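Asks: Here it is, the structure in full.
The values are calculated or read from the model by the stated rules, or taken from the named source; none is laboratory data. Treat the numbers as computed from the prediction; the structure is a model and nothing was measured. Glycine gets a Cβ as well: all are built from the backbone with ideal geometry, and neighbour counts include every protein chain shown.
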């Protein structure tokens, strides 16, 4: 009798329009912020390159993938040899190997595929970028195979309770690390000589070179910085989802690029804001789309939601949220 | 390539030579499926048919990107729309079996409608912003096709639609071997002629459009939208027309694809396909019809030809070192990069674009009036 009443209550909760539950909302928000900070890191790479070269570096998502793959290879090898090292230290070793590899890769890609085409029309480097990402994807598939590669369980698994929602140690670590990396990048761009050279090149390559800035070096540095951030983001994603795959860079890159456009491409703060927003929108959208449409659309429309918001923002504010208003140049 | 252009200009003055070349080309095109079947095998007739489908797609995208200068990265969505219209209206899925002369035009029409649907809100966007919105649109269409199987089953979700009717006149199916006038035609060969007819029709339409008032308006918008509207061009309508026109070609091609394949699923319409078609027109020479056709043929045939790498490996190393299916796309990507670096203007650029390339030696990007200016 008692249990039947319980079942009725449970049934009723599903039928009645669900009231906004604070703990679930908070959980979605946390998940969104964690995902968003990874998007922001990758988006920074897109936006820095675009700011200087006006080029969509389509291969950037694949650099993220390579970062994840290289660090996973190192981590798995270390775990396999049974070295007595704390898990965090092993993960750190993985990251520290992936970063230089990705930086070298970013430098190489710019030298080989983009620099010869710097004065060609904009579609030509777009095609080489696509070619490079096909090469990277299939190269990774040749090296690491088609299967999903699991992330060894070496990281702490602690979790904390905030107002009914849980946040894991890994999540906290991801947010903290990406925030500090973004702060470091802001400092670099605003305070150092290299940063000033980057800003000058973004405004006008000719004038910057007249002022003694070595534009080629600045562009190489930009690619390397973006790739380093992408490598870290790649490790974060694989640690968060617990796996890596040769195809993972594609959708991640696409969303990060959307985030960069959302915030206003070419604008660093915009990329961070766009990344965080996209993460939150996606997470909340996927969580509540079922309620909003009366159960017609489910959470597998997550990606639609992200793109839909992107289209709306662009239609009503074509330069992105923080982007400068672009005057039509005739 | 140079020889080709030289001969071409001679044809314009020598009508007899032009007709002879025309007839020779006709004979080659008519005999092609038999030659391919005999020389390379049945599988290559299929490749030939796909080549024609891609030529149609590339010509359609060329209207949007090459003529009107609107960078579209979600073009495959219109192909998907055409394919699904055909698939849903002539398959056991809904129990409808409409003939192709209803479903094909309907597919083109619905695709054109979707083209306007995409074009209308994005009229103000340019360059990379337009690219990302069209990309998002393409993904949205694919995700909807993938998920519209619940709560009401419309597209049958990831499984796709199966057992689609072939193209047929009454009882005469074009997907089977038939004997006509004492000659045996395989299904692939019969379809080849249908596809060829549609391709020639589209080429004809494109040629007529190119120098028409509309075509010149498109090119004017590509070169300078503000100046074009100052000259009295209704840029809104002309841009929407470009979207609708390009989309309708893709819709038609998609319908043919569904009838040819007998099966459609959302998997066939991913972003890589859109990018592939864009590569075809950039590689071949944007805005120039022979270039676009050449690009489409090359990029369809090249990945297929790369399947023979296994044979090459056996000759070189005595055994298959790396699976050819794994190596194929890697080489394709490298080829794409190499070709673009060697010839960024495309293999057969239009005269105008070739001039632009010669003109801007040493001029920095920002000063140059780029085709895709912000």
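Asks: Mind listing whichever residues of the stretch B:213-225 are touching a residue at least 60 places away in the same chain (Cβ under 8 Å) and more than 19 Å from residue B:130 (Cα to Cα)?
Replies: Matches in the stretch B:213-225: B:215 only.
Asks: Within the stretch A:98-106, can one find any residue that is touching a strand residue (DSSP E or B) at 6+ places or on another chain (Cβ under 8 Å), surrounded by 22 or more Cβ atoms within 10 Å (Cβ to Cβ), under 17 Å from residue A:233 (Cβ atoms) and touching a residue at least 12 places away in the same chain (Cβ under 8 Å)?
Replies: Checked the stretch A:98-106: no residue is touching a strand residue (DSSP E or B) at 6+ places or on another chain (Cβ under 8 Å), surrounded by 22 or more Cβ atoms within 10 Å (Cβ to Cβ), under 17 Å from residue A:233 (Cβ atoms) and touching a residue at least 12 places away in the same chain (Cβ under 8 Å).
Asks: Do any helices (runs of 4 or more DSSP H) entirely within the stretch B:175-290 hold 2 or more residues that are at pLDDT 90 or above and over 18 Å from residue B:71 (Cα atoms), and if so, which?
Replies: Result: B:187-210, B:213-223, B:225-230, B:235-261.
Asks: On the basis of being more than 30 Å from residue B:66 (Cα to Cα) and either facing another protein chain (nearest Cβ under 8 Å) or surrounded by fewer than 21 Cβ atoms within 10 Å (Cβ to Cβ) (or both), does residue A:154 make the cut?
Replies: yes
Asks: Separate question: When you scan the stretch A:115-128, how many residues do you find that are in a helix (DSSP H, G or I) and either surrounded by fewer than 24 Cβ atoms within 10 Å (Cβ to Cβ) or free of Cβ contacts under 8 Å to residues at least 24 places away in the same chain (or both)?
Replies: 7
Asks: In addition: Scanning the stretch B:100-129 for residues that are part of a loop (DSSP other than H, G, I, E, B) and without any contact (Cβ under 8 Å) to a residue 60 or more places away in the chain, which turns out farthest from residue B:66 (Cα to Cα)?
Replies: Restricting to residues being part of a loop (DSSP other than H, G, I, E, B) and without any contact (Cβ under 8 Å) to a residue 60 or more places away in the chain, the top hit is B:124.
Asks: To continue, here is another question. Would you point out which residue out of A:219, A:265 is touching a residue at least 60 places away in the same chain (Cβ under 8 Å), outside any helix (DSSP H, G or I) and farther than 17 Å from residue A:98 by Cα?
Replies: A:265
Asks: Starting from residues that are facing chain A (nearest Cβ under 8 Å) and in a loop (DSSP other than H, G, I, E, B), keep the ones in the stretch B:131-163 and report whichever is surrounded by the fewest Cβ atoms within 10 Å (Cβ to Cβ).
Replies: B:151
Asks: Just one of the numbered conditions (1) closer than 23 Å to residue A:189 by Cα; (2) within 14 Å of another protein chain (Cβ to nearest Cβ) is not true of residue A:113; which one?
Replies: The failed condition is (1).
Asks: List pairs: first in the stretch A:232-258 and within 20 Å of residue A:91 (Cα to Cα), second at pLDDT below 85, Cβ under 7 Å, 6+ apart or cross-chain?
Replies: A:239/A:155
Asks: Of the residues that make up the stretch B:205-214, is at least one within 14 Å of another protein chain (Cβ to nearest Cβ) and buried (at least 19 other Cβ atoms within 10 Å of the Cβ)?
Replies: No, every residue in the stretch B:205-214 fails to be within 14 Å of another protein chain (Cβ to nearest Cβ) and buried (at least 19 other Cβ atoms within 10 Å of the Cβ).
Asks: For the stretch B:28-65, give me each residue that is surrounded by fewer than 14 Cβ atoms within 10 Å (Cβ to Cβ) and at pLDDT 85 or above.
Replies: Result: no residue meets the conditions.
Asks: Of all residues in the stretch B:89-99, which are touching a helix residue (DSSP H, G or I) at 6+ places or on another chain (Cβ under 9 Å) and in contact (Cβ under 8 Å) with a residue 24 or more places away in the chain?
Replies: B:90, B:91, B:93, B:97
Asks: Pick from A:176, A:141, A:182, A:211: which is within 14 Å of chain B (Cβ to nearest Cβ), at pLDDT 85 or above and either more than 21 Å from the chain's Cα centre (by Cα) or closer than 24 Å to residue A:63 by Cα (or both)?
Replies: From the options A:176, A:141, A:182, A:211, the qualifying one is A:141.
Asks: Return the only residue of B:120, B:111, B:68, B:80 being in contact with a helix residue (DSSP H, G or I) (Cβ under 9 Å, 6 or more places away or on another chain), over 16 Å from residue B:240 (Cα atoms) and either within 12 Å of another protein chain (Cβ to nearest Cβ) or surrounded by 18 or more Cβ atoms within 10 Å (Cβ to Cβ) (or both).
Replies: Step by step, each of B:120, B:111, B:68, B:80 is checked, and only B:80 is in contact with a helix residue (DSSP H, G or I) (Cβ under 9 Å, 6 or more places away or on another chain), over 16 Å from residue B:240 (Cα atoms) and either within 12 Å of another protein chain (Cβ to nearest Cβ) or surrounded by 18 or more Cβ atoms within 10 Å (Cβ to Cβ) (or both).
Asks: Ok, one more. Can you work out which of the residues in the stretch B:261-275 that are within 14 Å of chain A (Cβ to nearest Cβ) and in contact (Cβ under 8 Å) with a residue 40 or more places away in the chain is surrounded by the most Cβ atoms within 10 Å (Cβ to Cβ)?
Replies: That would be B:274.
Asks: Right, something else. Restricted to the stretch A:219-249, and to residues that are at pLDDT below 90 and within 12 Å of the chain's Cα centre (by Cα), which residue is surrounded by the fewest Cβ atoms within 10 Å (Cβ to Cβ)?
Replies: Ranking the candidates gives A:248 first.
Asks: How many residues does the stretch B:226-237 contain that are crowded, with 20+ Cβ neighbours inside 10 Å and touching a residue at least 12 places away in the same chain (Cβ under 8 Å)?
Replies: So the count comes out to 1.
Asks: Then there is this: Which number in (1) within 19 Å of residue B:282 (Cα to Cα); (2) surrounded by fewer than 17 Cβ atoms within 10 Å (Cβ to Cβ); (3) more than 8 Å from chain B (Cβ to nearest Cβ) marks the one condition that residue A:159 misses?
Replies: (1)
Asks: A follow-up question, please. Step by step: first the residues of the stretch B:292-323, then only those that are within 13 Å of another protein chain (Cβ to nearest Cβ) and surrounded by fewer than 17 Cβ atoms within 10 Å (Cβ to Cβ), then the one that is modelled with the highest pLDDT. Which residue is that?
Replies: Only one residue tops the list, namely B:302.
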